Number of protein chains: 2
Amino acid sequence: MSQDWEWDQDRTIWEQMYEVLRSRIEQGIYPSRSAVPSLDRLQQEFGVARVTVQKVMRILKDEGMIKTIVGKGTFVRPPEEWGQSSDR
Amino acid sequence: MSQDWEWDQDRTIWEQMYEVLRSRIEQGIYPSRSAVPSLDRLQQEFGVARVTVQKVMRILKDEGMIKTIVGKGTFVRPPEEWGQSSDR
DNA sequence: TAAGATTTGTTCGTATGTATA
DNA sequence: ATATACATACGAACAAATCTT
């Protein structure tokens, strides 16, 4: 993927990263029902800390855009289900 | 737990929080050898910053009332061991 | 059955920057 | 200038679930 992001020093990293991931989901770069890259991969791609990735994931989960299964991965929920909080 | 604390604006937060946690340990609300709530939980319960919780924990550790194991949690030491500084 | 790799969850330690009294 | 207190962000270690070998 060509670099679709760049940090703005005037804003927080987690906020900007949230916008990038949300955009990728909305545009289908991460297709519905498929797995988004693992914490390790995202951490490496963006050059951020693990906890920062988790903070962003936490928000996307609360918005019902993704769903996590421990030991398997994190998956994109279909658009119809967005907004329906997925518990965890 | 019913609210057993309330901030007094004339005194520091960390000092008052120290008294609450010490009281909970002495009264067995946090039983001997059990884990005290995590930094995140205490941070949320008291509505304070992470570093503030850590400052209080630091004192309780120096007094030998609790003991921390990184990656696992913080545990109440039995009363016989209080006063014996537990390194960390 | 057992062992290892992968992945997410949870926890503590540390550092930086900012604001206030 | 010092102490208090917040948010952000890095790292590290331990745990649990899943899958593969």
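At-a-glance table
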| item | result |
| --- | --- |
| Among the candidates B:58, B:11, B:24, residue that is of a type in the set (Lys, Arg) and away from DNA strand D (no atom under 16 Å from the Cβ) | B:24 |
| Residue, nearest to DNA strand C (Cβ to nearest atom), within region B:59-78, restricted to residues that are away from every other protein chain (no Cβ under 14 Å) and among the small types (Gly, Ala, Ser) | B:73 |
| Unmet criterion (only one of (1) surrounded by 15 or more Cβ atoms within 10 Å (Cβ to Cβ); (2) part of a helix (DSSP H, G or I)) for residue A:48 | (2) |
| Given (1) within 27 Å of residue B:40 (Cα to Cα); (2) modelled with pLDDT under 95; (3) of a type in the set (A, V, I, L, M), number of the condition residue A:1 does not satisfy | (1) |
| Count of region A:1-52 residues which are within 26 Å of residue A:79 (Cβ to Cβ) and either in contact with a strand residue (DSSP E or B) (Cβ under 7 Å, 6 or more places away or on another chain) or acidic (Asp, Glu) (or both) | 14 |
| Residue list for region A:33-51, filter: charged (D, E, K, R) and within 14 Å of another protein chain (Cβ to nearest Cβ) | A:50 |
| Residues (within 14 Å of DNA strand C (Cβ to nearest atom) and either without any contact (Cβ under 8 Å) to a residue 12 or more places away in the chain or part of a loop (DSSP other than H, G, I, E, B) (or both)) located in region B:9-37 | B:9, B:10, B:11, B:12, B:30, B:34, B:37 |
| Checking residue A:53 against (1) more than 10 Å from DNA strand D (Cβ to nearest atom); (2) under 22 Å from residue B:40 (Cβ atoms), the condition it does not meet | (1) |
| Residue that is in contact with a Leu (Cβ under 6 Å, 6 or more places away or on another chain) and within 25 Å of residue B:40 (Cα to Cα), where the choices are A:13, A:66 | A:66 |
| Condition check for residue B:54: within 14 Å of chain A (Cβ to nearest Cβ), surrounded by 10 or more Cβ atoms within 10 Å (Cβ to Cβ), within 30 Å of residue A:51 (Cβ to Cβ) and within 12 Å of DNA strand C (Cβ to nearest atom) | no |
| Selection count, region B:64-88, where residues are touching a helix residue (DSSP H, G or I) at 6+ places or on another chain (Cβ under 8 Å) and under 21 Å from residue B:26 (Cβ atoms) | 9 |
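The values are calculated or read from the model by the stated rules, or taken from the named source; none is laboratory data. Because the structure is a prediction, the values reported are computed rather than measured. For neighbour counting, all protein chains shown are included, and Cβ atoms are generated from backbone atoms with ideal geometry for every residue, glycine included.
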